[in-house]
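Have a look at the structure below before the remarks.
The values are calculated or read from the model by the stated rules, or taken from the named source; none is laboratory data. Just so it is clear, the model here is predicted, and its values are computed rather than measured. Virtual Cβ from ideal backbone geometry, glycine too; neighbours counted across all protein chains shown. The protein model used for the area step is the full one, side chains on, heavy atoms only, and it has no ligands, DNA or RNA in it. Shrake-Rupley method; radii C 1.70, N 1.55, O 1.52, S 1.80 Å.
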Amino acid sequence: MKRFNFVFCGLLAATLGSAKADETRPVINRALTLNEAIEIGLRESPVVRGAQAEVEMAQAQVQAAKAAKKPQVSATTFLSAGSEGAILTTPAPVMPTNITLLPRGAFAGQNVMLMLPLKTGGRLSALVKQAQAARGASEADKQTVRQDLVLETKNIYRQALLAQEMRRVAEERQKSTTERLRIDRAALEAGRIPQLYVLRDEAEDADAAQNVTDAQRDVDIALIQLRATLGLAPQSQITVADTLSFTPQSAPELNDLLTQAKNQRPELQAAQQRIASAGQNLQATRGSYRPQIAAMAMGDLGVQRSSSMGGAMAGVVIGIPLSTGGLRRAQESEARAAQNRAQAEIERLHLQIEREVQTALTTKQAAEKNIATAEAAQKAAQENYHLAGLRYESGRGTNAEVLDALAALTRAQGNRVRALFDWNNADDQLQRALGTASPMILRISLASPPSPQRSGWGRGLG
């Protein structure tokens, strides 16, 4: 029973915690444009908030590095009693540290100490510059996270558009099969066609209905994924308002794109900042083995039984490391290795950027050709379906010809939709590879211009 209660309480706490988290997420019940979806994702994504927290942590580390160059003041109180004297120090992490020899018997002492670094061999300045470079790397990392989220949002949004358009294709097909079934049933009753035509129509209509159901499922799943990516509450009811589009563009020069990418990619900027950070770390390591000079001032007051003692002093403290048993050499080797690793990361990123830009550009160019091919194929399939319908109505064609023509038209429409999706997706990938990742303005609608109205079978899937 105790185990059951423990598990139940754990599940209840998890449920309440999840419910509380859901309450903090926004609820949106409307159609979203791509730009609106990106804006919401950048605002609500916990990944982006985490990247911002990393930047704030890096900024705090810069302040901490600068604080080491300022005066440090500590106050240490000693209260002791015993038959022997002892040496006690200021408890860590209080700085500067005071070391005091305490006498035998009851004793109370107060120490105030000030220390100001005067010369550190460049160590503290290098540590400040190292922290500043690390902050720059964190800021570039945040931009990387934002651009990755923009790309992910675009991809999922366009997946929803693709599913939505494929549902429209499936619905248009179902309308045609339902209408054909109605006409053929009337023709069967009039004795003009055999029953096998109607049976085939019924099978086609049932298949079309199933395709519509599957297409609606794909739309629902895509919207679920989009809602999760944007960080919206589960009860949000969103739809996508834009359409897949194609905007002809002039062919860019590959070298210009590569130059743009290498100037704008935040990953490359972060790696360059890390090289700077590693270089400053090496300088700080070397500086720590040079003479360290600090000004100090101290005041003491002690009370033992009926007597008291005290005084003050000021001076300069100089420390010079003489032998470290190879520690200095090891630390410098580690710092140089970190610098070489950062340089190797830049070289790797250059290769990655070149690959991503060329791959996205090639994919986009191929998709553009496929759009033209798919549009021509859809136009031919539409005309073929119209002619097959006219032949069937006049008694010179068979039902199978019409069904084949409808299947070809449906396939051509699906190919055009997928070609448009591939082009948009490739353009998104190219923008990300260039380091811009800004949303495109959608100008040309996916919907074809209305074709002339035709009677009978020619209406089909326009």
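Would it be correct to say that S245 is open to solvent by less than 20 Å² (accessible area, probe 1.4 Å), of a type outside the set (A, V, I, L, M, F, W, C), touching a residue at least 24 places away in the same chain (Cβ under 8 Å) and part of a loop (DSSP other than H, G, I, E, B)?
Values: open to solvent by less than 20 Å² (accessible area, probe 1.4 Å): yes; of a type outside the set (A, V, I, L, M, F, W, C): yes; touching a residue at least 24 places away in the same chain (Cβ under 8 Å): yes; part of a loop (DSSP other than H, G, I, E, B): yes.
So S245 passes the test.
Checking the stated criteria, Q273 turns out to be open to solvent by 40 Å² or more (accessible area, probe 1.4 Å) and within 29 Å of the chain's Cα centre (by Cα).
The set of residues in the stretch 144-155 being more than 8 Å from the chain's Cα centre (by Cα) and either crowded, with 20+ Cβ neighbours inside 10 Å or among the aromatic types (F, W, Y) (or both) consists of T153, K154.
Residues of the stretch 356-377 being over 35 Å from the mean Cα position of the chain (by Cα) and modelled with pLDDT under 95, which ones?
Initial filter on the stretch 356-377 (over 35 Å from the mean Cα position of the chain (by Cα)): 376-377.
Across the stretch 356-377, there are no qualifying residues.
Within the stretch 63-77, can one find any residue that is charged (D, E, K, R), open to solvent by less than 90 Å² (accessible area, probe 1.4 Å), under 23 Å from P291 (Cα atoms) and in contact (Cβ under 8 Å) with a residue 12 or more places away in the chain?
To start, the set of residues in the stretch 63-77 that are charged (D, E, K, R) comprises 66, 69-70.
Narrowing the set further to residues that are open to solvent by less than 90 Å² (accessible area, probe 1.4 Å) leaves 66.
With the extra rule that they be under 23 Å from P291 (Cα atoms), the set shrinks to 66.
Imposing the further condition that a residue be in contact (Cβ under 8 Å) with a residue 12 or more places away in the chain reduces the set to 66.
Within the stretch 63-77, one or more residues are charged (D, E, K, R), open to solvent by less than 90 Å² (accessible area, probe 1.4 Å), under 23 Å from P291 (Cα atoms) and in contact (Cβ under 8 Å) with a residue 12 or more places away in the chain.
Scoring I99 on the criteria (1) under 35 Å from the mean Cα position of the chain (by Cα); (2) over 30 Å from A233 (Cβ atoms); (3) open to solvent by 20 Å² or more (accessible area, probe 1.4 Å) leaves a single failure, condition (1).
Take the residues of the stretch 329-347 that are surrounded by 12 or more Cβ atoms within 10 Å (Cβ to Cβ) and among the charged types (D, E, K, R): which is nearest to the chain's Cα centre (by Cα)? Among residues in the stretch 329-347 that are surrounded by 12 or more Cβ atoms within 10 Å (Cβ to Cβ) and among the charged types (D, E, K, R), the one nearest to the chain's Cα centre (by Cα) is E345. Among the residues making up the stretch 190-235, those that are closer than 26 Å to K154 by Cα, over 20 Å from the mean Cα position of the chain (by Cα) and free of Cβ contacts under 8 Å to residues at least 12 places away in the same chain are T213, R217, D220. Among the residues of the stretch 159-168, are any open to solvent by 50 Å² or more (accessible area, probe 1.4 Å), in contact (Cβ under 8 Å) with a residue 60 or more places away in the chain, within 23 Å of the chain's Cα centre (by Cα) and under 30 Å from A208 (Cβ atoms)? Within the stretch 159-168, one or more residues are open to solvent by 50 Å² or more (accessible area, probe 1.4 Å), in contact (Cβ under 8 Å) with a residue 60 or more places away in the chain, within 23 Å of the chain's Cα centre (by Cα) and under 30 Å from A208 (Cβ atoms). Of the strands (runs of 3 or more DSSP E) lying entirely inside the stretch 29-121, those carrying at least 3 residues that are among the hydroxyl-bearing types (S, T, Y) are 72-80.
Can we say V112 is open to solvent by 30 Å² or more (accessible area, probe 1.4 Å), within 30 Å of I156 (Cβ to Cβ) and of a type in the set (A, V, I, L, M)? Can you show your working first?
Values: open to solvent by 30 Å² or more (accessible area, probe 1.4 Å): yes; within 30 Å of I156 (Cβ to Cβ): no; of a type in the set (A, V, I, L, M): yes.
No, not satisfied.
For the structure I just gave you, tell me whether I293 is open to solvent by less than 60 Å² (accessible area, probe 1.4 Å) and closer than 30 Å to A137 by Cα. No.
Let's see how each residue does on (1) open to solvent by less than 70 Å² (accessible area, probe 1.4 Å); (2) at pLDDT 85 or above:
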{"residue": "E401", "(1), (2)": "no, yes"}
{"residue": "G414", "(1), (2)": "yes, yes"}
{"residue": "W423", "(1), (2)": "yes, yes"}
{"residue": "S438", "(1), (2)": "yes, no"}
{"residue": "R443", "(1), (2)": "no, no"}
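Filtering the stretch 189-215 to residues that are out of contact with any helix residue (DSSP H, G or I) (no Cβ under 6 Å at 6 or more places or on another chain), outside any helix (DSSP H, G or I) and not charged (D, E, K, R) leaves A190, G191, P194.
Filter the stretch 51-61 down to residues that are in contact (Cβ under 8 Å) with a residue 24 or more places away in the chain and of a type outside the set (S, T, N, Q), then give me how many there are.
Initially, the stretch 51-61 is screened for residues in contact (Cβ under 8 Å) with a residue 24 or more places away in the chain, giving 51-52, 54-55, 57-59, 61.
Right, trim to of a type outside the set (S, T, N, Q) and you get 51, 54-55, 57-58.
Here the count works out to 5.
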